[in-house]
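The values are calculated or read from the model by the stated rules, or taken from the named source; none is laboratory data. Predicted model only: the values in this text are computed from it and were never measured. Positions of Cβ are backbone-derived with ideal geometry, glycine not excepted, and every protein chain shown enters the neighbour counts. Ligands, DNA and RNA are excluded from the accessible area calculation, which covers all protein heavy atoms including side chains. Shrake-Rupley method; radii C 1.70, N 1.55, O 1.52, S 1.80 Å.
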Amino acid sequence: MSVHSRIYMDCVSGKPVDPRVIDAMLPYMREFYGNPSSVHSFSGEPRRALEEARSAVARLISAERPESIIFTSGATESNNMAIKGVAFRNADRGKHVITSSVEHMSVMNSCKYLKTKGFDLTFLPVDRYGVVDLEALERELREDTVLVSIQYANSEIGTIQPIREVAQIVHRKNAYLHVDATAANGRLPIDVQREGIDLLTLSSNDIYGPRGVGALYIREGLRIEPIIHGGGQERGLRSGTENIAGVVGFGKAAEIAMNEMQSESEKLRKLRDRLIRGLLDGIPYAFLNGHPVHRLPDNAAVRFSFIEGESILLSLDMMGVAASSGSACTAKTLEPSHVLMATGLRHEEAHGSVLFTLGRHNTEEEVDYVVRIMPDIVKRLRAMSPLTPKEVLW
Amino acid sequence: MYSQKVLEHFRNPRNMGEIKDADGIGTVGNPVCGDMMTIYIKVKEGRIEDIKFKTFGCGAAVATSSMITELAKGKTLEEAMKITRKDVAEALEGLPPVKMHCSNLAADALKAAIEDYRKKSGEVKL
């Protein structure tokens, strides 16, 4: 892509669908539109494709069997299903749920919903890099803790959580571990069996599949309460006619991720480091959000002192670059991001954050362009800001 | 999300900067909320002869600051005191609803600057 056309570095908000995925999906809208539950012959190919996609997704996370994968409408539904499903099913065993203070809103708010239904809820603190406090986890686990929900990695600051250690601690107390792997899937190899994960949330678009599709992995033998009731599809756990074209796309995306993840993540890591280094070296009072080493390959989260994130995004957009921000002003609420606040940033520090999330399509040329234009953007906004100390203006 | 007018003022803010020997200075908001602006005015014979702003905040905060300096320049203090948040938003061809409260502080900053001038000049007895 030429630097004169638009540059997309907002993969956290949505990814382009891989053309190979689109090609795989089209026949399931044009020709194989039958319902897999039907008796007649139109059901055959959709049914076969559904199970093939299930196998592909299962392979990507090393699930013990394809049936452990339940297709959903996306990560938000999977998170709701896992948290409410485990909690309601096990309420007679205990009514305590633990999560972290840097989870996605669909995890946060599902847990808060449980609180209104009589469950006890504990939010674990994180350190300044956003890593969950394992000692706090040990301390907070109780006899009546039924579920712990911790993300695999954080989409906003890129920090990867020590999931294996988390799993060991959680299982010592006989609780279940749900992991939201939306941000990590397709970028990091995930092995649910080796890592001791009981339930795992996946999203299709995050691996270049279509939107509106996701999955929940549920360990064999673990029973949960369904939250959507109807015709009993997906082993009775997720009713509703299957979104065959979407699921086929998800399956194809999983297959591609399986084959290309290693080389792609290696490429992304290089671009990410080039971008982070370029920005931090080229601009004074610029800092990295999240962990410097245990970090998603596609995530460059940076903050600039004395200025506000949304005005940086607008400035970038005017130069043809799309990024996002943990800034209050871009969200529906006016609070700064709960993730940045949990890492101990002050409000005014959190406000100056910009998040670049890279993808398959990004090039070194694009990264260099962003590194080149950013100093002037920051300089202009700092000149405008009453918070900028005189000696910082350059 | 923003009107063309807002984007235009964000791109080319009018009267950005400080007035070294300002007659009145008004600051509203704070960095904790993500929006803070300072208005500087120079007053001559009861009129706003010069006006400048400095703003920390989102696109709407910058655009409203820029717009208020255009609306207030050359006006008498009485006229300037009557400029409302609504006037600023309308002059910008509207603001997104979520921005109406948090980022539309420019009218307040202008009032604060005028009040500061009045205090300093003895127009208002303390």
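Potential lengthening of the chain between residue A:273 and residue A:140 amounts to 44.2 nm, from the contour at 0.36 nm per residue minus the alpha-carbon distance. The HN-Hα couplings worked out from phi for region A:229-240 by the Karplus form 6.51 cos²θ - 1.76 cosθ + 1.60 (θ = phi - 60°) are 10, x, x, x, 5, 6, 6, x, 8, 8, 6, x Hz, whole numbers, x standing for Gly and Pro. Helical content alone sets the calculated 222 nm signal of chain A at -12000 deg cm²/dmol, taking -39,500 (n - 2.57) per DSSP H segment of four or more residues and averaging over every residue. Relative to the dominant Cα principal axis of chain B, helix B:106-121 is inclined by about 10°. Treating r as the C-beta distance of residue B:47 and residue A:363 and R0 as 60 Å, the FRET efficiency rounds to 0.60.
Among A:280, A:290, A:134, whose Cα sits farthest toward the positive end of the charge dipole of chain A (+1 at Cβ of Lys/Arg, -1 at Cβ of Asp/Glu, about the Cα centre)? Value computed over the given set: A:134. Segment residue A:113..residue A:6, full-extension length gain: 34.5 nm, with 0.36 nm per residue of separation and the alpha-carbon distance subtracted. Note on residue A:241 and residue B:84: the model spin-label points, each 7 Å out from Cα along the C-beta direction, lie 5.3 nm apart. Among A:47, A:238, A:303, the largest mean-square fluctuation in a Gaussian network model of chain A (Cα springs under 10 Å) belongs to A:47. Close amide H partners of residue B:3, meaning residues 5 or more places away or on another chain with modelled amide H under 5 Å apart, do not exist here. Ranked by the mean number of other Cβ atoms within 10 Å of their residues, highest first, the peptides B:30-39, B:7-16 fall in the order B:30-39, B:7-16.
Loop only by DSSP, 10 or fewer other Cβ within 10 Å of the Cβ. Give me the GluC sites (Glu not before Pro) in region A:32-125 that pass, ordered by residue number. Taking region A:32-125 and a limit of 10 other Cβ atoms within 10 Å, no loop GluC sites (Glu not before Pro) are found. Computed over chain A, the range of Cα coordinates on each principal axis works out to 73, 52, 34 Å, biggest value leading. Using the Cβ-Cβ distance between residue B:101 and residue B:3 with R0 = 25 Å, the FRET efficiency computed as 1/(1 + (r/R0)^6) comes to roughly 0.90. Per-atom-type breakdown for region A:19-257 gives carbon and sulfur 49% of the accessible area (1.4 Å probe, protein chains only). Between chain A and chain B, the total buried accessible area stands at approximately 2000 Å², from heavy atoms with a 1.4 Å probe. With a 10 Å cut-off around each Cβ of B:43-52, the average count of Cβ atoms from other chains is 0.
Relative to the dominant Cα principal axis of chain A, helix A:244-282 is inclined by about 20°.
Please give the FRET efficiency for residue A:88 paired with residue A:67, using the beta carbon to beta carbon distance and R0 = 30 Å, rounded to the nearest 0.05. So the FRET efficiency works out to roughly 0.90. Using the average count of surrounding beta-carbon atoms within 10 Å as a protection proxy, the listed peptides A:313-324, A:169-180 rank, highest first, as A:169-180, A:313-324. Take each residue of peptide A:302-315, count the partner chain Cβ atoms within 10 Å of its Cβ, and average: the result is 4.
Using a Gaussian network model of chain A in which every pair of alpha carbons under 10 angstrom is joined by a spring, one finds that among A:129, A:208, A:285 the greatest mean-square fluctuation is at A:285.
Averaged over the residues of peptide B:53-65, the number of Cβ atoms from other protein chains lying within 10 Å of each residue's Cβ is 6. Just to be sure I understand: with springs between alpha-carbon atoms less than 10 Å apart, which residue in A:93, A:59, A:360 has the highest mean-square fluctuation in the Gaussian network model of chain A? Result for chain A, Cα springs under 10 Å: A:93 fluctuates most.
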